[in-house]
Amino acid sequence: MKSTHLPLKSLDDALAELLAFAVPLQGSVELGTFDADGRVLVQDLTSELHVPPQDNSSMDGYALRCIDVATAGSVLAVTQRIPAGAAGAPVEGGCAARIFTGAPIPPGADAVVMQEDCEALPPTSAAGLHEQVRVLALPQPGQWIRRAGEDVTRGAVVLHRGTRLTPAELGLAASIGLDRLAVARSPRVALFSTGDELVMPGDVAPGQMRPGAIYNSNRFFLRALLKRLGCEVSDYGIVPDQRDATVQALRAASSQHDLILTSGGVSVGEEDHIKPAVQALGELNLWQIAIKPGKPFAYGRVGSAHFIGLPGNPVSSYITFLLLVRPFLLKLQGVRVLEPKAVTLPAHFDWPRADKRREFLRVRRNAAGGLELFPNQSSGVLTSAVWGDGLVDNPPGQSIAHGDAVRFISFSELLA
Ligand code: AMP
Ligand code: MG
């Protein structure tokens, strides 16, 4: 663990170890379905009804009995009108019902003819003063009818526990009548930025920055990323680069939080106090990973809290969050599927100098279906993460030539 001469841990090994530590949190909360976006179900959701509840029309048109339309051009009496939300009466022989999309199919009808295939005729005394319809196309039984239960059948589990809710899941839960959902409680996360060079935007104007100062950017994306993952964030701001202050800050946060997340100060420099502070207070289980950017990553425990130390360089911090902290936080909430989907795409760039470490290059898709590389891959250049729409996951020691198939992970997989 201590020596930097030992081979670094691979990302896969580090992630497996990290996830083994991520025992799902006890406890759940009940939320209104409106407020449950991004949260994780703790129960299976079983439907008590069919969706849709009844057979209904998928077109504006006429509901009828096919048997009454022996030939195209047959004329039927229109004896009722069924808008969405109404219930129709049985359709008698020789009759049709004017019907609208979503309205229940009346008893007896076995097809809907769309209004574009019909001609409305004025009432005649022969039709008992009903309006009439001429059916111009021969109907097939069942046409334009959405069957009861074709979306969800009564008794079916529509969503399983461990599912992370997105807007589509919220709609599906509502469609089976659920206005409240039991979800995993939010991980409580204490967030610290380290670095004496850091200044908060708003505290000092750009023109007034002292030499050596930079704005704290990590704090902004880390807080936003945590919120997206359903966390309750206590943001403790900036901790000075001092051993005692670091120990005190970590100790104070450890009792009230599930996770302490820091950025910076986790390398091997004399001003990097995170690692010794964690070792003094608890234990360090993981330190340094063979990825680029993002080598200085640490996991440990401080009291009852998990501890994760992210690198200070903004791109390293961002990428290690997406690759490691995100699945960790999702697993704490009981999510089962944690692996982001990757696709294979052609590189429309050259990357001749392979690194010993597995690299995550900031790229974006072009209109030709290939990937272009952001020209500056430095771990300090956050513009690369904004310009890019994803990462090329490049194995250790692998150079890339234009046209090579590479593994691409979209940021949309990692930010949802
Ligand atoms: P460190 O890991 O503390 O050695 O920091 C590595 C690099 O990241 C240094 O150039 C820091 O100035 C920079 N850095 C650390 N924390 C932040 C932050 N919160 N926002 C922007 N840059 C940072
Ligand atoms: Mg630092």
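The values are calculated or read from the model by the stated rules, or taken from the named source; none is laboratory data. All values derive from a computational prediction rather than experimental measurement. Using ideal geometry, Cβ is built from the backbone for each residue, glycine included, and neighbour counts are taken over all protein chains shown. For accessibility, only protein heavy atoms count, side chains too; no ligands or nucleic acids. Shrake-Rupley method; radii C 1.70, N 1.55, O 1.52, S 1.80 Å.
Here are a few things to note about the model shown:
- Taking a point 7 Å from the Cα of Ala87 along the Cα-to-Cβ direction, the residues of the stretch 29-67 with backbone N closer than 20 Å to it are 48-58, 63-64.
- Counting only protein heavy atoms and a 1.4 Å probe, the stretch 343-414 has 49 square angstrom of accessible area per residue.
- Here the Karplus curve 6.51 cos²θ - 1.76 cosθ + 1.60, taken at θ = phi - 60°, turns the phi angles of the stretch 212-223 into couplings of x, 7, 9, 6, 7, 8, 4, 4, 6, 6, 5, 5 Hz, with x standing for Gly and Pro.
- For the pair the stretch 383-405 / the stretch 322-367, the C-alpha centres are spaced 9 Å from each other.
- Spacing of the two label points (7 Å from each Cα toward its C-beta) at Val157 and Glu17, in nm: 3.4 nm
- Residues in the stretch 56-146 average 48 Å² of solvent-accessible surface per residue, probe 1.4 Å, ligands and nucleic acids excluded.
- For the chain, Kirkwood radius (reciprocal of mean inverse C-alpha pair distance, Å): 25.8 Å
- Convex hull volume per residue for the stretch 304-416, taking Cα atoms only, in Å³: 113 Å³
- Distance between the 7 Å Cα→Cβ label points at Gln208 and Leu129: 8.5 nm.
- Taking the centroid of alpha carbons for each part, the stretch 143-174 and the stretch 214-281 are 41 Å apart.
- The amide H of Val199, built 1.01 Å from its N in the peptide plane, has Ile214, Tyr215, Asn216 as neighbours under 5 Å, considering only residues 5 or more places off or on other chains.
- Carbon + sulfur, % of accessible area of the stretch 56-146 - ligands and nucleic acids excluded, 1.4 Å: 55 percent
- Between Thr79 and Ala96, Arg98, the built amide H atoms are under 5 Å apart, and every one of these is 5 or more places off in sequence or on another chain.
- Helix 243-254 axis, angle to the chain major axis (alpha carbon atoms, nearest 10°): 30 degrees
- Close amide H contacts of Arg180 (hydrogens built in the peptide plane, cut-off under 5 Å, sequence separation of 5 or more or a different chain): Thr33.
- Spacing of the two label points (7 Å from each Cα toward its C-beta) at Gln43 and Gln248, in nm: 4.7 nm
- At a probe radius of 1.4 angstrom, the accessible area of the stretch 148-226 per residue rounds to 49 square angstrom.
- In order through the stretch 312-324: 3J(HN,Hα) via Karplus (6.51 cos²θ - 1.76 cosθ + 1.60), integer Hz, x for Gly, Pro: x, 4, x, 5, 5, 4, 5, 6, 5, 4, 5, 7, 10
- The apolar share of the surface of the stretch 305-414, taken as the fraction of accessible area on carbon and sulfur atoms (1.4 Å probe, ligands and nucleic acids excluded), comes to 51 percent.
- Listed values for the stretch 68-75 are Karplus-derived 3J(HN,Hα) couplings in whole Hz (6.51 cos²θ - 1.76 cosθ + 1.60, θ = phi - 60°), namely 7, 10, 6, 9, 4, x, 4, 10, and x replaces Gly and Pro.
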